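Read through the structure below, which is laid out as structure tokens, and then see the notes.
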Amino acid sequence: MIALIQRVSRARVTVDADITGAIDRGLLVLLGVERDDNLEKMEKLATKVMSYRVFADAGGKMNLNLQQVGGQLLVVSQFTLAADTGRGLRPSFSGAGTPEQALHLYEAFVAYCRRQGISTETGRFGADMQVELVNDGPVTFQLQV
């Protein structure tokens, strides 16, 4: 599994002019599922996302995690993160999980984060989404398990 995380001061997802999810301070998580992903990998990645220290402490250093700052998550499915871009000029998606597998792991990721007490909003799996964000920093990391 792959998570592209962006520290945001606000973010929202719109589908067909309806806002499906919106947060203030927190992390926008673009989540990609690969063919060999499973619930164990999902739990490791979700824990890493929530624990990753990307927020500034009193000294201005990135020493605080999402839970420590009371931040929120906005989780958006992102099929293209699983692309193989190593050859040619067109991405290959042969390593991506099936839509059924990806939906299952996406929903499990969101549920797991919510069970940990994190306010978690979402996009709409498989939809044509418009994602708006104010990247704070900018700070962006790719996490993978």
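A short reminder: the numbers here are calculations on the coordinates, not readings from a lab. In this text, all values refer to a predicted model and were calculated from it rather than measured experimentally. Note that we place each Cβ from the backbone using ideal geometry, even for glycine, and neighbour counts take in every protein chain shown.
Quick notes
- J(HN,Hα) series, segment 114-121, from Karplus relation 6.51 cos²θ - 1.76 cosθ + 1.60, nearest Hz, glycine and proline x: 5, 5, 7, x, 8, 5, 10, 10
- Distance from segment 82-145 to segment 1-72 (C-alpha centre basis), Å: 10
- Most fluctuating residue given options Leu39, Leu105, Leu133, as computed from a GNM of the chain linking Cα atoms under 10 Å: Leu39
- Amide hydrogen neighbours beyond the local backbone of Ala96, cut-off 5 Å, H modeled: Arg35
- The chain: most fluctuating residue of Met129, Met62, Met42 per GNM, C-alpha cutoff 10 Å: Met62
- Environment charge at Asn65 (Cβ cut-off 14 Å; Lys +1, Arg +1, Asp -1, Glu -1): +4
- Most mobile listed residue (Val49, Val15, Val76) in the chain, GNM with C-alpha springs under 10 Å: Val15
- Beta bridge orientation in segment 1-95: antiparallel %, DSSP, nearest 5: 70
- Within the chain, helix-based [θ] at 222 nm, where runs of 4 or more DSSP H residues each add -39,500 (n - 2.57), nearest 500: -7000 deg cm²/dmol
- For segment 129-135, Karplus couplings with θ = phi - 60° (6.51, -1.76, 1.60), whole Hz, Gly/Pro x: 10, 10, 10, 10, 8, 10, 6
- Taking the longest Cα principal axis of the chain as reference, the axis of helix 39-51 is set at about 30 degrees.
- Relative to the 2.2 N^0.38 Å rule of thumb, segment 2-134 has a C-alpha radius of gyration ratio of 1.07.
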